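K.L.:
Encoded as structure tokens, here's the structure I'll be asking about.
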Amino acid sequence: MDFLLDFLGRLVGQLQSPTLGFLLGGMLIAALGSKLQIPQAIYQFIVFMLLMKIGIKGGMEIRDANLLEMALPALASVILGVGIVLGGSFLFSLIPSVRREDGIATAGLFGAVSASTLAAAMVLLEEESIGFEAWVPALYPFMDIPALILAIVLANKHLKQQEGSGTTVSSWSIVKDSLRSSAVSAMLLGIALGLFTNPERVYDSFYDPLFRGFLSVLMLIMGMEAWSRIHELKRVAQWYAVYAFVGPILHGLAAFGLGYIAHVLVGFSPGGVVLLAVIAASNSDISGPPTLRGAIPTANPSAYIGASTSVGTPVALAICIPLFIALAKAVFDL
Amino acid sequence: MDFLLDFLGRLVGQLQSPTLGFLLGGMLIAALGSKLQIPQAIYQFIVFMLLMKIGIKGGMEIRDANLLEMALPALASVILGVGIVLGGSFLFSLIPSVRREDGIATAGLFGAVSASTLAAAMVLLEEESIGFEAWVPALYPFMDIPALILAIVLANKHLKQQEGSGTTVSSWSIVKDSLRSSAVSAMLLGIALGLFTNPERVYDSFYDPLFRGFLSVLMLIMGMEAWSRIHELKRVAQWYAVYAFVGPILHGLAAFGLGYIAHVLVGFSPGGVVLLAVIAASNSDISGPPTLRGAIPTANPSAYIGASTSVGTPVALAICIPLFIALAKAVFDL
Amino acid sequence: MDFLLDFLGRLVGQLQSPTLGFLLGGMLIAALGSKLQIPQAIYQFIVFMLLMKIGIKGGMEIRDANLLEMALPALASVILGVGIVLGGSFLFSLIPSVRREDGIATAGLFGAVSASTLAAAMVLLEEESIGFEAWVPALYPFMDIPALILAIVLANKHLKQQEGSGTTVSSWSIVKDSLRSSAVSAMLLGIALGLFTNPERVYDSFYDPLFRGFLSVLMLIMGMEAWSRIHELKRVAQWYAVYAFVGPILHGLAAFGLGYIAHVLVGFSPGGVVLLAVIAASNSDISGPPTLRGAIPTANPSAYIGASTSVGTPVALAICIPLFIALAKAVFDL
Amino acid sequence: MTLHKAIKVVVITEIIISEQVCHTIESCGATGYTVVAAGGKGDRNVRTISDRASVVEEFRNIKIECIVKTHDTAQLILESVAEKWFRNYSGIAYLEEVEILRSDKF
Amino acid sequence: MTLHKAIKVVVITEIIISEQVCHTIESCGATGYTVVAAGGKGDRNVRTISDRASVVEEFRNIKIECIVKTHDTAQLILESVAEKWFRNYSGIAYLEEVEILRSDKF
Amino acid sequence: MTLHKAIKVVVITEIIISEQVCHTIESCGATGYTVVAAGGKGDRNVRTISDRASVVEEFRNIKIECIVKTHDTAQLILESVAEKWFRNYSGIAYLEEVEILRSDKF
Ligand SMILES: Nc1ncnc2c1ncn2[C@@H]1O[C@H](COP(=O)(O)O)[C@@H](O)[C@H]1O
Ligand SMILES: Nc1ncnc2c1ncn2[C@@H]1O[C@H](COP(=O)(O)O)[C@@H](O)[C@H]1O
Ligand SMILES: Nc1ncnc2c1ncn2[C@@H]1O[C@H](COP(=O)(O)O)[C@@H](O)[C@H]1O
Ligand code: NA
Ligand code: NA
Ligand code: NA
């Protein structure tokens, strides 16, 4: 009860946070029909900047980190990515009105990861002064890639069974595609630069100070997009909306649990547990949709994109992040 | 006499200000045929940043401001917006070579407001350490919206009389369109974020420090545009150029007068008086032209765009801002 | 021997520099097929920012500089620009498999100058705390313009002799075109603003602090481009690759020699000598190629663009800059 | 497979009215359309396709193409668009004959 | 100079498969093609050409035009593209008659 | 309303010479034209329409379309452009028949 009151208090407090304020503001002005537009070129550059910032920082810190500590959380990430896709596909398969491959693609997107949500969580943790190991954001691909591969493999297996029309897709080519996607390759590049060069000055004068501001613009864009894609959601069964609302919370809670185990076993930090939960709760907004469109062409994009952009992402940002921070404070007594 | 010398001294000094230097530099390189180009995406983002900066700052300060003080200046803004359009339309109606709807549209543009000019004035006031109430920039829509509505209504009334071809335009739909325009909605969004969230950190680390630099780039763009649109002005009667030169100065002086009254009655600050005068002197560059093109389609865009971009805006920036600052120093003994 | 060891040590150290790290990183991710992309609008804006930064700084310092000191280095620049084009054209004319105008155009590009390479050298000198006169970057057009003019004139003379098909091109129109190119006109605008206005505040709050970060993004772009254009080089004779590899080093060494003479005669600074060498070693990436495409249309763009973007620029950045810094340290005993 | 004759209607006009023109086209019976950003020069003005910053951006052109099955529908679209929009906005419109695969799609 | 008859094949489809569609077109014997960014509306969706930031950018259209000398090649391209791509991705395709200067170029 | 036959000339070439080609077209008697940014593949090179940063940006294509009343004018434009520009720059050009509403406009 106390915990609930505490959490509700925090939730209201978090909505005061400019990060979520920009998200809600974006939804609001889109709903009111504002013609405000942030150019595509700016959006692409902001995403690049955030990923480089996260990557460089991670790379610089990994240099003197004990990477063995990373093993357990990385394993947890793989398990979560695989588990979310299997669970989601199974649930959708129970609903007759949902086409099999649409369900698999949607579960794949929610198993994959959003860099924007991750960045927002990092800023909010910082505002609450909750620390985490610098390599935590590098868990991203450990969840993202297995989730996408599994979804594509499942969908193709299903198509072959059903109609003999599925094409064989090698999982190695999906791994390569994921590593080459703009999001993952920007983060890996950042990590490499942080590891092998001395980017302190450029990091301190550019990537770090601009991070918070660019993130605010990104949140605004996510909010506007969430609203403007809601009509796609209306074209498909309401079950997608239900899944997109409940899924992130459950996925995050499962990840929180696994993170807690890692905390007990290898001393995984409280902030790390929160980030792991947010990574699990997030869904892939940048590279996931085109990857799925290309690899599962029979799946209806309106289903998975509507669910993810219009419901899943706002829920991950505005509900899950505050929820897991509050939970961490209670559980770890911060 | 002394005042004149003082003013001329200041004018020369202001041209040393980089803000105006960038404007003149832009005109110069466009005149010399430079191929330098700032991409459209950057321009859109800069305008967004400036309006957010102005809005957030305003919102944060409005929190503990006495909004009653705003009533009189807001009323003055409405009066100015309406008065400029009525006056301009009347003057143009005296000139036989000017089509009625072209004159009304031009007066409408000069009654409306430019966010860029407003931002430049704020930087120049800051350089002179002349303070103003943080809500003053929020007077913008109080002048902008009435001016555009009135112009559209006048033009449609005229078209109906003349040829029975004007379509009925509801003023409410014009208000909605104005509020939804990218400029006004960005500023209102900023105000809301400043009021309801705690954006201090993102404001101090991003929107505020980049303001001055982005403004310099914007001035460069305005200068290049001013030059490159001068050929449009040549296609239409020279009266447009005359109006565009004299109008801003007169509009600004009238606003200065009303601002002075507000100073005496409710203690409106000297900086506020200057900003009110600049708002009146400015003309709408971003949202005005497409609004008028859509709502008064029979008016010739070369007339109003040439007049505003090539003459009105440079006069407002390079003559009116220094003029009103000098005036304020003399009048308020700063 | 000691010098060589010292140099090799430095070269490895320089590769640790993030500036070169970003270049190599860009080549690497392009080679690995990454889909990461920096938008064209961002690239254009970054180049603008760097040139304004260089120009404004130069302008501010020129105010109280003794411009006579500039005379000898400026003369050296002209000699280098002309000499590189004459030498390169002659060498290419010895190779039967290379068409005459292709060789001339390539030599023209290598005689001309790259603003990005110049900016990278400035950051690396700063990191080594090696000073230089602020007007040194303004030597840029003194080498760039003569080189391009000479190449165009040579090519047209050749075409007229050969087939009577060359058109007369006035050198004045080439000068005008060069001065109007986006790169040169941005730098000249910056110099004018630095000279005639007081841009200290906007320089210190915007152009200067963002320089290092934007340069890192630019290096990434250059690296990606270098890789993705390598296929153009494969279509043409391998002699272009040889020239593009050896040329920058020889051009830079010649410039270092002339700079050294200026050092002895008029006290040209060690940092200035390095910059002069880098300017000579660089090749024009922004304005050169379209200028040549327009003025020597019969020359094959694959030849000169492949050679310059894929080999010349990486060599200038990753080999020449560290080489000349090491040389300066040894020669001037820094 | 046999090919079927169809008609393509092309409208080039100001981007500011693009949504309304598309609406006019659909209300005449078109089942779809394709749009492309365009510049150009006509009686009234030069319009650019460059990415150069321009304060009054919305004065650009759009090219709308729409395939319909019958010449009558095509002519109806042509006349409706011209009648409704070309008095106050710049623009041109024309028809072309094309061959399509499946006629049920349009 | 005399002009020669030729056929233009036009394909409008999703940008995400543009490279593969171009490959299909070339494998049918085309010597070149021209592409243009497009938006549009059809059975499935509305696609934009605006520069507005959109998180899922790759759902835009592309218009591919390709001139070939014979009607047979044109029809082959049309059928191959439709067969291979239009079951799972949105798109339309059609032919137009054109006149070219030099027939050896195509 | 009756429709009139007219001819559309299409030129696809390098963006770097777009202004000069438009000038050539106008000097042959065209009253207007429409331009569209394009990419493509031909004998010489692949040209992109992506927004990816590219150091040598000006090597892109442009598609110029121009409607004229007579086949003779169209052929004149075609031959002038080919003669003047296609020896040193890449490009193709062709004609199409179209139907227009008002013939006085062109
Ligand atoms: N003869 C023509 N051929 C092709 N396009 C044209 C022609 N005339 C006009 N246009 C296009 O139609 C637009 C509007 O033309 P106008 O109404 O004459 O200003 C121009 O900007 C061009 O894009
Ligand atoms: N009748 C039509 N005329 C012109 N373009 C069309 C038409 N129908 C569809 N399109 C284009 O083809 C794309 C895909 O259509 P669809 O497969 O019907 O969704 C649309 O986005 C339009 O660009
Ligand atoms: N067969 C073709 N069909 C359509 N467009 C073509 C064709 N051949 C060439 N092009 C276009 O013309 C441009 C120049 O061609 P080229 O001169 O052959 O390099 C190419 O980039 C394409 O955009
Ligand atoms: Na996830
Ligand atoms: Na005004
Ligand atoms: Na050089």
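The values are calculated or read from the model by the stated rules, or taken from the named source; none is laboratory data. Keep in mind that this is a model prediction, so the values were computed, not measured. Every residue, glycine among them, receives a Cβ derived from its backbone with ideal geometry; neighbour counts consider all protein chains shown. Each accessible area value is taken on the protein alone, full model and side chains, heavy atoms only, with ligands, DNA and RNA left out. Shrake-Rupley method; radii C 1.70, N 1.55, O 1.52, S 1.80 Å.
K.L.:
Which members of the range A:56-91 meet the condition of being in contact (Cβ under 8 Å) with a residue 40 or more places away in the chain and either polar (S, T, N, Q) or touching a Lys or Arg at 6+ places or on another chain (Cβ under 8 Å) (or both)?
P.N.:
A:77, A:89 - these are the residues of the range A:56-91 that are in contact (Cβ under 8 Å) with a residue 40 or more places away in the chain and either polar (S, T, N, Q) or touching a Lys or Arg at 6+ places or on another chain (Cβ under 8 Å) (or both).
K.L.:
Sticking with this structure for a sec: Can you pull out every residue in the range C:268-283 that is assigned to a helix (DSSP H, G or I) and within 8 Å of the chain's Cα centre (by Cα)? Break it down stepwise before answering.
P.N.:
Step one: list which residues in the range C:268-283 are assigned to a helix (DSSP H, G or I), which gives C:270-281.
Selection gives C:278, C:279, C:280, C:281.
K.L.:
So, in the range B:7-45, how many residues would count as being at pLDDT 90 or above, out of contact with any Leu (no Cβ under 6 Å at 6 or more places or on another chain) and part of a helix (DSSP H, G or I)?
P.N.:
11
K.L.:
A follow-up question, please. Looking at (1) surrounded by fewer than 22 Cβ atoms within 10 Å (Cβ to Cβ); (2) within 14 Å of chain B (Cβ to nearest Cβ); (3) assigned to a helix (DSSP H, G or I), which one does residue A:129 not meet, given that it meets all the others?
P.N.:
(3)
K.L.:
Every residue in the range E:80-106 that is among the acidic types (Asp, Glu), away from ligand 3 (no atom under 12 Å from the Cβ) and modelled with pLDDT under 95, please.
P.N.:
Within the range E:80-106, E:83 is the sole residue that qualifies.
K.L.:
Related question: Any residue that is open to solvent by 10 Å² or more (accessible area, probe 1.4 Å) and aromatic (Phe, Trp, Tyr) - is there at least one of those in the range A:13-23?
P.N.:
no
K.L.:
Where the second residue is open to solvent by 10 Å² or more (accessible area, probe 1.4 Å) and part of a helix (DSSP H, G or I) and the first is more than 10 Å from chain F (Cβ to nearest Cβ) and of a type in the set (Ser, Thr, Tyr) and lies in the range C:299-318, which pairs have Cβ atoms under 6 Å and are six or more apart or on separate chains?
P.N.:
C:310/C:230; C:310/C:233
K.L.:
Determine if the range B:89-104 includes at least one residue that is closer than 28 Å to residue B:20 by Cβ and buried (at least 18 other Cβ atoms within 10 Å of the Cβ).
P.N.:
No, every residue in the range B:89-104 fails to be closer than 28 Å to residue B:20 by Cβ and buried (at least 18 other Cβ atoms within 10 Å of the Cβ).
K.L.:
Being out of contact with any Ser or Thr (no Cβ under 8 Å at 6 or more places or on another chain) and farther than 20 Å from residue B:140 by Cα is true for just one of B:220, B:275. Which residue is that? Please lay out each step first, then the result.
P.N.:
Working: B:275 fails: farther than 20 Å from residue B:140 by Cα.
Answer to the check: B:220.
K.L.:
Taking into account only those residues within the range B:29-56 that are over 23 Å from residue B:275 (Cα atoms) and more than 8 Å from every other protein chain (Cβ to nearest Cβ), which is least open to solvent (accessible area, probe 1.4 Å)?
P.N.:
Going through the range B:29-56, the residues over 23 Å from residue B:275 (Cα atoms) turn out to be B:29-45.
Checking the rest, the ones that are also more than 8 Å from every other protein chain (Cβ to nearest Cβ) come to B:30-31.
Values: B:30: 23, B:31: 49 Å².
Taking the candidates together, the pick is B:30.
K.L.:
Tell me yes or no: at least one residue of the range C:48-71 is over 30 Å from residue C:217 (Cα atoms), part of a helix (DSSP H, G or I) and modelled with pLDDT of 90 or more.
P.N.:
Taking the range C:48-71 and keeping what is over 30 Å from residue C:217 (Cα atoms), we get C:63-71.
Checking the rest, the ones that are also part of a helix (DSSP H, G or I) come to C:68-71.
After this cut, where a residue has to be modelled with pLDDT of 90 or more as well, the list is C:71.
There is at least one residue in the range C:48-71 that is over 30 Å from residue C:217 (Cα atoms), part of a helix (DSSP H, G or I) and modelled with pLDDT of 90 or more.
K.L.:
Name the one entry in E:79, E:83, E:96, E:65 that is within 14 Å of chain A (Cβ to nearest Cβ) and among the acidic types (Asp, Glu).
P.N.:
After ruling out the rest, the residue left standing is E:83.
K.L.:
Suppose we filter the range F:3-26 for residues that are more than 14 Å from chain C (Cβ to nearest Cβ) and free of Cβ contacts under 8 Å to residues at least 40 places away in the same chain; how many remain? Break it down into steps so the answer makes sense when it comes.
P.N.:
Let us first name the residues in the range F:3-26 that are more than 14 Å from chain C (Cβ to nearest Cβ), namely F:3-12, F:22-26.
Going one step further and asking which of them are free of Cβ contacts under 8 Å to residues at least 40 places away in the same chain, we end up with F:23, F:26.
So the count comes out to 2.
K.L.:
Right, another one. Mind checking whether some residue in the range D:5-24 is of a type in the set (Gly, Ala, Ser) and touching a Cys at 6+ places or on another chain (Cβ under 8 Å)? Steps first, answer last, please.
P.N.:
Of the residues in the range D:5-24, the ones of a type in the set (Gly, Ala, Ser) are D:6, D:18.
Okay, now just the ones that are also touching a Cys at 6+ places or on another chain (Cβ under 8 Å), so none.
No - not one qualifying residue is present in the range D:5-24.
K.L.:
Right, something else. For the subset of the range A:223-244 comprising residues that are open to solvent by 10 Å² or more (accessible area, probe 1.4 Å) and under 23 Å from residue A:123 (Cα atoms), which member is nearest to the other protein chains (Cβ to nearest Cβ)?
P.N.:
Taking the range A:223-244 and keeping what is open to solvent by 10 Å² or more (accessible area, probe 1.4 Å), we get A:224-225, A:227-239, A:241-243.
So of that shortlist, the ones also under 23 Å from residue A:123 (Cα atoms) come out as A:224-225.
On the way: A:224: 8, A:225: 5 Å.
Filtering first and then ranking leaves A:225.
K.L.:
If you scan the range C:66-100, which residues turn out to be of a type in the set (D, E, K, R) and under 14 Å from residue C:158 (Cβ atoms)? Quick ask: steps written out before the conclusion?
P.N.:
First, pick out the residues of the range C:66-100 that are of a type in the set (D, E, K, R): C:69, C:99-100.
Result: C:99, C:100.
K.L.:
While we're here: Listed residues E:40, E:32; which is facing another protein chain (nearest Cβ under 8 Å), closer than 30 Å to residue A:313 by Cα, touching a strand residue (DSSP E or B) at 6+ places or on another chain (Cβ under 7 Å) and small (Gly, Ala, Ser)? Reasoning before the result, please.
P.N.:
Numbers: E:32 fails: closer than 30 Å to residue A:313 by Cα.
Matching residue, one of E:40, E:32: E:40.
K.L.:
Please indicate, with yes or no, whether at least one residue in the range A:133-144 is charged (D, E, K, R) and open to solvent by 20 Å² or more (accessible area, probe 1.4 Å). Break it down into steps so the answer makes sense when it comes.
P.N.:
Step one: list which residues in the range A:133-144 are charged (D, E, K, R), which gives A:133, A:144.
Then keep just the ones that are open to solvent by 20 Å² or more (accessible area, probe 1.4 Å); that gives A:133.
For the range A:133-144, residues charged (D, E, K, R) and open to solvent by 20 Å² or more (accessible area, probe 1.4 Å): present.
K.L.:
When only residues in the range C:284-298 that are assigned to a loop (DSSP other than H, G, I, E, B) and away from ligand 6 (no atom under 16 Å from the Cβ) count, which is nearest to the other protein chains (Cβ to nearest Cβ)?
P.N.:
Initially, the range C:284-298 is screened for residues assigned to a loop (DSSP other than H, G, I, E, B), giving C:284-287, C:296-298.
Restricting the remaining residues to those that are away from ligand 6 (no atom under 16 Å from the Cβ) gives C:296-298.
Details: C:296: 9, C:297: 4, C:298: 6 Å.
Going through the qualifying residues, I end up with C:297.
K.L.:
Considering only residues that are facing another protein chain (nearest Cβ under 8 Å) and open to solvent by 10 Å² or more (accessible area, probe 1.4 Å), which ones fall in the range A:198-221?
P.N.:
Correct list: A:198, A:201, A:205, A:209, A:210, A:212, A:214.
K.L.:
Every residue in the range C:82-119 that is more than 10 Å from ligand 6 (Cβ to nearest atom) and hydroxyl-bearing (Ser, Thr, Tyr), please.
P.N.:
Residues satisfying the conditions are C:89, C:93, C:97, C:106, C:116.
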